[in-house]
1. Is there any pair linking a residue in the range 8-22 that is over 20 Å from Thr130 (Cβ atoms) to one that is among the hydrophobic types (A, V, I, L, M, F, W, C) and surrounded by 14 or more Cβ atoms within 10 Å (Cβ to Cβ), with Cβ under 8 Å and at least six apart or on different chains, and which?
2. Enumerate the pairs (first residue in the range 73-94 and assigned to a helix (DSSP H, G or I); second residue anywhere and crowded, with 18+ Cβ neighbours inside 10 Å and small (Gly, Ala, Ser)) with beta-carbon separation below 7 Å, excluding pairs fewer than 6 apart on the same chain, so at least 6 apart or on different chains.
3. Taking the stated definitions as given, is Val16 more than 30 Å from Asn109 (Cα to Cα), among the β-branched types (Val, Ile, Thr), modelled with pLDDT of 90 or more and surrounded by 12 or more Cβ atoms within 10 Å (Cβ to Cβ)?
4. Could you tell me whether any residue of the range 80-99 is farther than 30 Å from Ala120 by Cβ, crowded, with 16+ Cβ neighbours inside 10 Å and not β-branched (Val, Ile, Thr)?
5. Being aliphatic (A, V, I, L, M) and under 30 Å from Asp2 (Cα atoms) is true for just one of Ile69, Ile115. Which residue is that?
6. Here is a list: Lys73, Lys35. Which entry is under 30 Å from Ala126 (Cβ atoms), among the charged types (D, E, K, R), surrounded by 17 or more Cβ atoms within 10 Å (Cβ to Cβ) and at pLDDT 85 or above?
7. So, Arg68, is that one surrounded by 15 or more Cβ atoms within 10 Å (Cβ to Cβ) and without any contact (Cβ under 8 Å) to a residue 40 or more places away in the chain or not?
8. Scan the range 61-73 and give yes if some residue there is within 18 Å of the chain's Cα centre (by Cα) and among the small types (Gly, Ala, Ser), otherwise no.
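The values are calculated or read from the model by the stated rules, or taken from the named source; none is laboratory data. Remember, predicted model here, so these are calculated numbers, not experimental data. All Cβ positions, even for glycine, are placed from backbone atoms using ideal geometry, and neighbour counts span all protein chains on display.
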Amino acid sequence: MDLVQSAVLYSVITLVSTYLVAFAYKNVKFVLKHKVAQKREDAVSREVTRKLSEADNRKMSRKEKDERILWKKNEVADYEATTFSIFYNNTLFLILVIVASFFLLKNFNPTVNYILSISAASGLIALLSTGSK
C-alpha cells in the first residue's frame, strides 16, 4: 500500500495510540503523585520554612505557613510524578514497539506491522497503567 492511499489508516492508528499513551500518562501520574508527596513532605517543609524564616516569618500565621507548605508539596509532587510518568511510559512504549515490530512481527507486511506493533504497545501500556501499584 502506498503511503498516500493508507494515510487515513496511519492517521487513525496514530491518533488512537496518542490517546492511549496520554491515558497511561494520566493514570501513572495519579498513582505516583500521592507517593511522591509523602516522600518529599519533610524536605519541602524544611525548604519552605527556611525561605519563610528569611522573609516575613513573624507576620504569617501558622495556618498560612501550613498552606504554603502544602501548596509547595503538591507542586513538587505533581512535577515529579509527571516527569516520571512520561519517562516510564515512553520507555515502556519504545521497548514494546521495538520488540513487537523487529522480533515478533518481522515477517509481516510493513503496514500490518505498524498497525499491530503500535496498537499493541499503546494498548498494553494503557492496560498496565490501570493496575494499582
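1. Note: pairs meeting the criteria are Leu9/Ile115; Ile13/Ile115; Ile13/Ile118; Thr14/Ile118.
2. Lys73/Ala37; Asn74/Ala37; Ala77/Ala37; Asn89/Ala24; Phe93/Ala121; Phe93/Ser122
3. Details: more than 30 Å from Asn109 (Cα to Cα): no; among the β-branched types (Val, Ile, Thr): yes; modelled with pLDDT of 90 or more: yes; surrounded by 12 or more Cβ atoms within 10 Å (Cβ to Cβ): yes.
For Val16, the condition - more than 30 Å from Asn109 (Cα to Cα), among the β-branched types (Val, Ile, Thr), modelled with pLDDT of 90 or more and surrounded by 12 or more Cβ atoms within 10 Å (Cβ to Cβ) - is not met.
4. Step one: of the range 80-99, the residues farther than 30 Å from Ala120 by Cβ are none.
Checked the range 80-99: no residue is farther than 30 Å from Ala120 by Cβ, crowded, with 16+ Cβ neighbours inside 10 Å and not β-branched (Val, Ile, Thr).
5. Details: Ile69 fails: under 30 Å from Asp2 (Cα atoms).
After applying the criteria, what remains is Ile115.
6. On the way: Lys35 fails: surrounded by 17 or more Cβ atoms within 10 Å (Cβ to Cβ).
Residue meeting the stated conditions: Lys73.
7. Values: surrounded by 15 or more Cβ atoms within 10 Å (Cβ to Cβ): yes; without any contact (Cβ under 8 Å) to a residue 40 or more places away in the chain: yes.
Spelling it out, Arg68 is indeed surrounded by 15 or more Cβ atoms within 10 Å (Cβ to Cβ) and without any contact (Cβ under 8 Å) to a residue 40 or more places away in the chain.
8. No; the residues of the range 61-73 include none that is within 18 Å of the chain's Cα centre (by Cα) and among the small types (Gly, Ala, Ser).
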